[in-house]
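K.L.:
Take a look at this one; I'll ask things after.
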Amino acid sequence: MVLQESGEMYLETILILSSKNSFVRAIDVGEYMGFSKPSVSRAMSLLRQDGYVEVAADGAIMLTDRGRETAEKIYERHTLLTEFLVRLGVGEETAAQDACKIEHDISDESFEAIKRHAAQIGE
């Protein structure tokens, strides 16, 4: 099954939250994303069915290997695209918003080309 953009956003959020706190709950995800508890519960159910997350009996949400790999890919795209746009002169807030839109649709080939170019010009 192909993961939808919203699923990618949930995985990225879980990755970010788990880097700050080892115990991530649905309420934490909802607060971070501004979504209701029912929306988060439905998303977690779908992500669990598709093998991206596991939810422990105590409510802790953990990324599976598949989920972590996907989340890290999306997060890398987000951070690199944001930095790249900022280097081009885009304001940080706008760059982050635009990167969020681009990260879900850009092809692997195009992203790798941007990544190579960014490395050549500034790192």
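The values are calculated or read from the model by the stated rules, or taken from the named source; none is laboratory data. Because the structure is a prediction, the values reported are computed rather than measured. Don't worry about glycine lacking a Cβ; one is built from the backbone with ideal geometry, like all the others, and counts go over all protein chains shown. Areas reflect the complete protein model, heavy atoms only, side chains present, ligands, DNA and RNA absent. Shrake-Rupley method; radii C 1.70, N 1.55, O 1.52, S 1.80 Å.
K.L.:
If you put +1 on each Lys and Arg Cβ and -1 on each Asp and Glu Cβ, how big is the dipole of the chain around its Cα centre, in Debye rounded to 20? It would help to have the intermediate numbers written out before the result.
P.N.:
Working: 13 positive and 22 negative charges, 59 e Å.
In debye, rounded to 20, the chain gives about 280.
K.L.:
Report the Cα centroid-to-centroid distance between region 8-53 and region 58-91 in angstrom, as an integer.
P.N.:
That distance is 14 Å.
K.L.:
Ignoring ligands, DNA and RNA, what percent of the accessible area of the chain is carbon or sulfur (1.4 Å)?
P.N.:
Working: 3830 of 7570 Å².
The nonpolar share, carbon plus sulfur, comes to 51 percent.
K.L.:
For residue 62, what accessible surface area do you get with a 1.4 Å probe? Give it in Å², rounded to 10.
P.N.:
About 80 Å², rounded to the nearest 10.
K.L.:
With θ set to phi - 60°, apply the Karplus curve 6.51 cos²θ - 1.76 cosθ + 1.60 along region 22-30 and write out the HN-Hα couplings as whole Hz, x wherever there is a Gly or Pro.
P.N.:
Taking θ as phi minus 60°, the curve returns 5, 10, 10, 10, 4, 5, 5, 4, x Hz for region 22-30.
K.L.:
Here is a further query. By the gyration tensor of its Cα atoms, with a ≥ b ≥ c the square roots of the eigenvalues, what is the shape of region 11-61: rounded for a/c under 1.5, prolate for a/b over b/c, or oblate? Present the calculation step by step, with values, prior to reporting the outcome.
P.N.:
Working: a/c = 1.43, a/b = 1.10, b/c = 1.30.
Rounded, because the longest to shortest axis ratio a/c is under 1.5.
K.L.:
So for 105, 58, 50, what's the accessible-area order with a 1.4 Å probe, most first?
P.N.:
Values: 105 125, 58 100, 50 45 Å².
If we order 105, 58, 50 from most to least accessible, we get 105, 58, 50.
K.L.:
For Cα pairs less than 8 Å apart in space and 6+ apart in sequence, what is the mean separation divided by the residue count of the chain, i.e. the relative contact order in percent? Each step should come with its number before you reach the end.
P.N.:
Values: 110 pairs, mean separation 26.4, N = 123.
So the answer I get is 21 percent.
K.L.:
Give the lysines whose C-alpha is closer than 25 Å to that of residue 115, dropping any in the same chain fewer than 8 places away, or say none.
P.N.:
Those lysines meeting the cut-off are 73, 101.
K.L.:
Sticking with this one: Explain nothing, just compute: Karplus ³J(HN,Hα) = 6.51 cos²θ - 1.76 cosθ + 1.60, θ = phi - 60°, for every residue of region 106-115 in order, whole Hz, x for Gly and Pro.
P.N.:
Each residue's phi maps through the Karplus curve to give 5, 6, 4, 4, 5, 4, 4, 5, 5, 4 Hz.
K.L.:
Then there is this: Give me the accessible area of residue 10, 1.4 Å probe, in Å² rounded to the nearest 10.
P.N.:
Accessible surface of residue 10 is approximately 10 Å².
K.L.:
Would you check the accessible area of residue 18, probe 1.4 Å, heavy atoms only, in square angstrom rounded to 10?
P.N.:
Number for this one is 40 Å².
K.L.:
Using only helices, what value at 222 nm comes out for the chain when you add -39,500 (n - 2.57) per DSSP H run of length 4 or more and divide by the total residues, to the nearest 500 deg cm²/dmol?
P.N.:
Working: 6 runs with 86 residues, N = 123.
For the chain, the value works out to -22500 deg cm²/dmol.
K.L.:
What list of whole percents do you get for P(r) of the chain, with Cα-Cα distances grouped in 10 Å bins up to the one holding the largest distance?
P.N.:
Pair shares across the bins are 13, 42, 30, 14, 2.
K.L.:
Taking θ as phi - 60°, what are the ³J(HN,Hα) couplings along region 10-17 by the Karplus curve (6.51, -1.76, 1.60), each to the nearest whole Hz, with x for Gly and Pro?
P.N.:
Rounded to whole hertz, the list is 4, 4, 4, 4, 4, 4, 4, 5.
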